[in-house]
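The values are calculated or read from the model by the stated rules, or taken from the named source; none is laboratory data. On a predicted model such as this, the values are computed, not experimentally measured, just so you know. Glycine also receives a Cβ, built like all others from the backbone with ideal geometry; neighbour counts cover every protein chain displayed.
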Amino acid sequence: MPNLKEDPDHRSAAPVTAATRAALLGHRGAIVWLTGLSASGKSTLAAGLEQNLARARVLSVVLDGDVLRTGLGRDLGFSDADRKENIRRAAEAALLLAETGAVVVTALISPFREDRRQIADRCKARGVAFAEVFINAPIAECERRDPKHLYQRARAGKIPSFTGIDSPYEAPLSPALELHTDRESVGQSLEKLTALALSLARPPEPTAGARGADI
């Protein structure tokens, strides 16, 4: 095997750029961060968005909080510190995937504003398009749905530090999109969510006037 250091034909390979990946895929990577209470509709909308993006020929991947807890975060509990670490890991995974050109759809409660702000800052620093989406359903509606009976167990004291019961949820102050899943159908929410995701993946080309203004 030739020694690469001594091989005169060897050239250092340039990194594959985001622009190259976008040209290959026909769109750029991005992160659509769904946040909201348990049973607000995050997982349902994330799955629907993934299907809609596939129909639009946009490569996407869903990072669901429950799934991440079985693998990437299975060593973590539900203390504030562990929740922050769980979100940090999810954000780093989302960034890596987005930098390959995928539209990453995260579905995590992510209850703390500061954690979500740090994610937005990390995306901005690395040039990754990011949108925070608030899946807004009143806690009474979430409890009514409660497919896993988590709220019932939390109110019975069987799940300590449950978000919305005895641990706070800090709603976004200025999300890119707010979906009221108690007032609108899944289809109506998905229409808005898909439009947002596509605008991130395929931003409009600048006009000739805008390009000229930058010169």
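Annotations for the structure displayed:
- Every residue from the range 17-47 that is of a type in the set (Lys, Arg) and closer than 18 Å to residue 194 by Cβ: 28, 42
- Every residue from the range 201-215 that is at pLDDT 65 or above, acidic (Asp, Glu) and part of a helix (DSSP H, G or I): none
- Answer residue from the range 21-40, given it is touching a residue at least 24 places away in the same chain (Cβ under 8 Å) and surrounded by fewer than 20 Cβ atoms within 10 Å (Cβ to Cβ) and is farthest from residue 133 (Cα to Cα) among those: 24
- Residues satisfying the stated conditions in the range 58-83, i.e. buried (at least 19 other Cβ atoms within 10 Å of the Cβ) and in contact (Cβ under 8 Å) with a residue 60 or more places away in the chain: 58, 60
- Residues of the range 144-169 that are in a helix (DSSP H, G or I) and of a type in the set (Phe, Trp, Tyr): 151 alone.
Rundown of residues vs (1) in contact with a Phe, Trp or Tyr (Cβ under 7 Å, 6 or more places away or on another chain); (2) surrounded by 12 or more Cβ atoms within 10 Å (Cβ to Cβ); (3) closer than 30 Å to residue 128 by Cα, yes/no style:
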position	(1), (2), (3)
145	no, yes, no
153	no, yes, no
157	no, no, no
160	no, yes, no
170	yes, yes, yes
180	no, yes, yes
190	no, yes, yes
197	no, yes, yes
200	no, yes, yes
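- Filter result for residue 91 (of a type outside the set (Val, Ile, Thr) and in contact with a Lys or Arg (Cβ under 6 Å, 6 or more places away or on another chain)): no
- Residue list for the range 104-149, restricted to those being among the β-branched types (Val, Ile, Thr) and closer than 18 Å to residue 65 by Cα: 104, 105, 106, 109, 119, 133, 135
- Apart from one condition, residue 87 fits all of (1) closer than 30 Å to residue 153 by Cβ; (2) touching a residue at least 60 places away in the same chain (Cβ under 8 Å); (3) under 13 Å from the mean Cα position of the chain (by Cα); the exception is (2).
- Of all residues in the range 184-191, none satisfies being touching a helix residue (DSSP H, G or I) at 6+ places or on another chain (Cβ under 9 Å), within 24 Å of residue 87 (Cβ to Cβ) and not in a helix (DSSP H, G or I).
- Candidates in the range 103-143 are the residues that are in a helix (DSSP H, G or I) and of a type in the set (Val, Ile, Thr); of these, the one that is surrounded by the most Cβ atoms within 10 Å (Cβ to Cβ) is 119.
- Condition met for residue 198 (modelled with pLDDT of 95 or more and either more than 14 Å from the chain's Cα centre (by Cα) or more than 24 Å from residue 77 (Cα to Cα) (or both)): yes
- Pairs, first surrounded by fewer than 23 Cβ atoms within 10 Å (Cβ to Cβ) and at pLDDT 95 or above in the range 41-57, second part of a helix (DSSP H, G or I) and hydroxyl-bearing (Ser, Thr, Tyr), C-beta under 6 Å, six or more apart: 52/194
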